[in-house]
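The values are calculated or read from the model by the stated rules, or taken from the named source; none is laboratory data. Computed from a prediction, not measured in an experiment: that's the story for all the values here. Don't worry about glycine lacking a Cβ; one is built from the backbone with ideal geometry, like all the others, and counts go over all protein chains shown.
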């Protein structure tokens, strides 16, 4: 089943944003991840879901702006995990899935623009730092992705412009 | 330079470029194309793709990088149906002949990106007395926000803020005929301010 329940509310999580939800009717969505990466988290026991939409690998000591708290992989993941814990999720139970990091501006520019690849690496490292191994990943390639997590079920789906939603 | 003054300067600099790019598009599409005054914005904005149907809408277009005295990025995006109409016009086929993007369509869109993107870059070079080289076009076919976001990331990863110019082209019926997006790299902003002063 790929379609969310009809009464579902889709919450768009824009560039550099993150969202936490305990509402089973909510679907958290990161639309059109190019080199950006979406990180979805779900605690099946407390039924808390979270999604972050990361733009760049590292804050390099800079403070993330208030309007884009999840702009950077390192500080964004720290904040995502903190907010999840505050909402009652247990870090040990979290099911974490990662999608995005594509090179959408064509093969000629893929070598030059390695942001997607660097984002994926930074996220892997930061999750590892927190003792978390992603349960599933769909990163790299040349196509943009939309990632969504259904808070009611914890199911996560990825779709591209060319393919329908597949469960991740 | 205050942000407001920077925006004003870039708006004026990009107006001529957008007009010339629109003229190129108009010639290729065989109809009058009007150009909204380019919108210059600082920072990432979720509504950058509204003109082509919103964040997740599928677009077909071309990407060019700028090198030379300044460096940056140029993207020309079309809603897919509109891009395919352009292809038919350019190839002298009845409208509706091309129903999906294939090799011929991509080659025509590349040419379109080349003409429209280069028109903008050349106008910028002429007006500011800079030497600029547009790269050959790369065909892009994806969700609009994925493309815009990747340019944001590329610019922001160099430090500084993203300054993006976008100009919407409209046909005689007021429908979006294309969206031109230009973003200089942060290291080129100082240079732009200097030569425009």
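Determine, yes or no, whether residue A:108 is at pLDDT below 95, within 14 Å of another protein chain (Cβ to nearest Cβ) and closer than 30 Å to residue B:100 by Cβ. Give the derivation first.
Values: at pLDDT below 95: yes; within 14 Å of another protein chain (Cβ to nearest Cβ): yes; closer than 30 Å to residue B:100 by Cβ: yes.
Yes; evaluated as a whole, the condition is true for this residue.
Right, residue B:125: more than 25 Å from residue A:32 (Cα to Cα) and touching a strand residue (DSSP E or B) at 6+ places or on another chain (Cβ under 8 Å) or not? Break it down into steps so the answer makes sense when it comes.
Details: more than 25 Å from residue A:32 (Cα to Cα): yes; touching a strand residue (DSSP E or B) at 6+ places or on another chain (Cβ under 8 Å): yes.
Answer is yes for this residue.
In segment B:155-165, is there at least one residue being over 17 Å from residue A:141 (Cα atoms) and within 13 Å of the chain's Cα centre (by Cα)? Step through it out loud before you land on a result.
Residues of segment B:155-165 that are over 17 Å from residue A:141 (Cα atoms), as a first pass: B:155-165.
Filter again for within 13 Å of the chain's Cα centre (by Cα), leaving B:164-165.
Yes; the residues of segment B:155-165 include at least one that is over 17 Å from residue A:141 (Cα atoms) and within 13 Å of the chain's Cα centre (by Cα).
What is the number of the single condition among (1) within 23 Å of residue A:9 (Cβ to Cβ); (2) away from every other protein chain (no Cβ under 14 Å); (3) more than 17 Å from the chain's Cα centre (by Cα) that residue A:90 does not meet?
Result: residue A:90 fails condition (1) only.
So, residue B:103, is that one surrounded by fewer than 18 Cβ atoms within 10 Å (Cβ to Cβ), out of contact with any strand residue (DSSP E or B) (no Cβ under 9 Å at 6 or more places or on another chain), within 16 Å of residue B:141 (Cβ to Cβ) and at pLDDT 85 or above or not? Walk me through it before giving the result.
Working: surrounded by fewer than 18 Cβ atoms within 10 Å (Cβ to Cβ): yes; out of contact with any strand residue (DSSP E or B) (no Cβ under 9 Å at 6 or more places or on another chain): yes; within 16 Å of residue B:141 (Cβ to Cβ): yes; at pLDDT 85 or above: yes.
Yes.
Which of (1) more than 13 Å from chain B (Cβ to nearest Cβ); (2) surrounded by fewer than 22 Cβ atoms within 10 Å (Cβ to Cβ); (3) in contact (Cβ under 8 Å) with a residue 60 or more places away in the chain; (4) in contact with a helix residue (DSSP H, G or I) (Cβ under 9 Å, 6 or more places away or on another chain) is the odd one out, the single condition residue A:44 does not satisfy?
Unmet condition: (4).
Residues in segment A:22-30: is at least one within 16 Å of the chain's Cα centre (by Cα) and within 11 Å of another protein chain (Cβ to nearest Cβ)?
Let us first name the residues in segment A:22-30 that are within 16 Å of the chain's Cα centre (by Cα), namely A:26-30.
Going one step further and asking which of them are within 11 Å of another protein chain (Cβ to nearest Cβ), we end up with A:29-30.
So far as segment A:22-30 goes, yes, one or more of its residues are within 16 Å of the chain's Cα centre (by Cα) and within 11 Å of another protein chain (Cβ to nearest Cβ).
Considering only residues that are more than 14 Å from chain B (Cβ to nearest Cβ) and not in a strand (DSSP E or B), look in segment A:147-168 and name the one that is surrounded by the most Cβ atoms within 10 Å (Cβ to Cβ).
Start the filter on segment A:147-168 by keeping residues that are more than 14 Å from chain B (Cβ to nearest Cβ), which leaves A:149-156, A:166-168.
Going one step further and asking which of them are not in a strand (DSSP E or B), we end up with A:151-155, A:168.
On the way: A:151: 26, A:152: 17, A:153: 16, A:154: 18, A:155: 18, A:168: 21.
This residue is A:151.
Taking only segment A:47-58 into account, find how many residues are buried (at least 23 other Cβ atoms within 10 Å of the Cβ), within 14 Å of chain B (Cβ to nearest Cβ) and farther than 21 Å from residue A:164 by Cα. Break it down into steps so the answer makes sense when it comes.
Taking segment A:47-58 first, the residues buried (at least 23 other Cβ atoms within 10 Å of the Cβ) are A:48-57.
Remaining after also requiring within 14 Å of chain B (Cβ to nearest Cβ): A:53-57.
Imposing the further condition that a residue be farther than 21 Å from residue A:164 by Cα reduces the set to A:54-57.
The number of residues fulfilling the criteria is 4.
May I ask you to verify whether residue A:102 is in contact with a helix residue (DSSP H, G or I) (Cβ under 9 Å, 6 or more places away or on another chain) and farther than 14 Å from residue B:150 by Cβ? Don't jump to the end; show me each part of the working.
On the way: in contact with a helix residue (DSSP H, G or I) (Cβ under 9 Å, 6 or more places away or on another chain): yes; farther than 14 Å from residue B:150 by Cβ: no.
So residue A:102 fails the test.
Among the residues of segment A:58-94, count how many are within 17 Å of residue A:126 (Cβ to Cβ) and not in a loop (DSSP other than H, G, I, E, B).
Selection size over segment A:58-94: 14.
Given the structure, is residue A:119 in a helix (DSSP H, G or I), under 17 Å from residue B:149 (Cα atoms), modelled with pLDDT under 95 and in contact with a strand residue (DSSP E or B) (Cβ under 8 Å, 6 or more places away or on another chain)? Full working, then the answer.
Working: in a helix (DSSP H, G or I): yes; under 17 Å from residue B:149 (Cα atoms): yes; modelled with pLDDT under 95: no; in contact with a strand residue (DSSP E or B) (Cβ under 8 Å, 6 or more places away or on another chain): yes.
Considered against the rule, which asks whether it is in a helix (DSSP H, G or I), under 17 Å from residue B:149 (Cα atoms), modelled with pLDDT under 95 and in contact with a strand residue (DSSP E or B) (Cβ under 8 Å, 6 or more places away or on another chain), residue A:119 comes out as no.
Restricting the search to segment B:25-80, which residues are assigned to a loop (DSSP other than H, G, I, E, B) and within 14 Å of chain A (Cβ to nearest Cβ)? If you could, list the steps in order and put the result at the bottom.
Of segment B:25-80, the ones assigned to a loop (DSSP other than H, G, I, E, B) are B:30-33, B:36-38, B:43-45, B:53-57, B:69-71.
B:43, B:44, B:45, B:53, B:54, B:55, B:56, B:57, B:71, listed by residue number.
In segment A:66-87, how many residues are touching a residue at least 12 places away in the same chain (Cβ under 8 Å) and either within 13 Å of chain B (Cβ to nearest Cβ) or in contact with a helix residue (DSSP H, G or I) (Cβ under 6 Å, 6 or more places away or on another chain) (or both)?
Residues flagged as touching a residue at least 12 places away in the same chain (Cβ under 8 Å) and either within 13 Å of chain B (Cβ to nearest Cβ) or in contact with a helix residue (DSSP H, G or I) (Cβ under 6 Å, 6 or more places away or on another chain) (or both) within segment A:66-87 amount to 9.
Restricting attention to helices (runs of 4 or more DSSP H) lying wholly within segment B:86-197, give those where 2 or more residues are within 14 Å of chain A (Cβ to nearest Cβ).
B:103-128, B:144-156
Can you confirm whether residue A:144 is surrounded by fewer than 16 Cβ atoms within 10 Å (Cβ to Cβ), under 17 Å from the mean Cα position of the chain (by Cα), within 14 Å of chain B (Cβ to nearest Cβ) and under 26 Å from residue B:161 (Cα atoms)?
no
Tally the residues that are at pLDDT below 90 and farther than 14 Å from residue B:147 by Cβ, restricting the search to segment B:71-95.
Total satisfying the criteria: 14.
Quick check on segment A:105-129: of everything there that is in contact with a helix residue (DSSP H, G or I) (Cβ under 6 Å, 6 or more places away or on another chain) and over 30 Å from residue B:67 (Cα atoms), which residue is surrounded by the most Cβ atoms within 10 Å (Cβ to Cβ)?
By that ranking, first place goes to A:123.
Could you tell me whether segment A:34-54 includes any residue that is touching a strand residue (DSSP E or B) at 6+ places or on another chain (Cβ under 9 Å), part of a loop (DSSP other than H, G, I, E, B) and more than 22 Å from residue A:157 (Cα to Cα)? Walk me through it before giving the result.
Narrowing segment A:34-54 to residues touching a strand residue (DSSP E or B) at 6+ places or on another chain (Cβ under 9 Å): A:34-44, A:48-54.
Among the residues that remain, those that are also part of a loop (DSSP other than H, G, I, E, B) are: A:34-36, A:44.
Cutting the leftovers down to more than 22 Å from residue A:157 (Cα to Cα) gives us none.
No, segment A:34-54 contains no residue that is touching a strand residue (DSSP E or B) at 6+ places or on another chain (Cβ under 9 Å), part of a loop (DSSP other than H, G, I, E, B) and more than 22 Å from residue A:157 (Cα to Cα).
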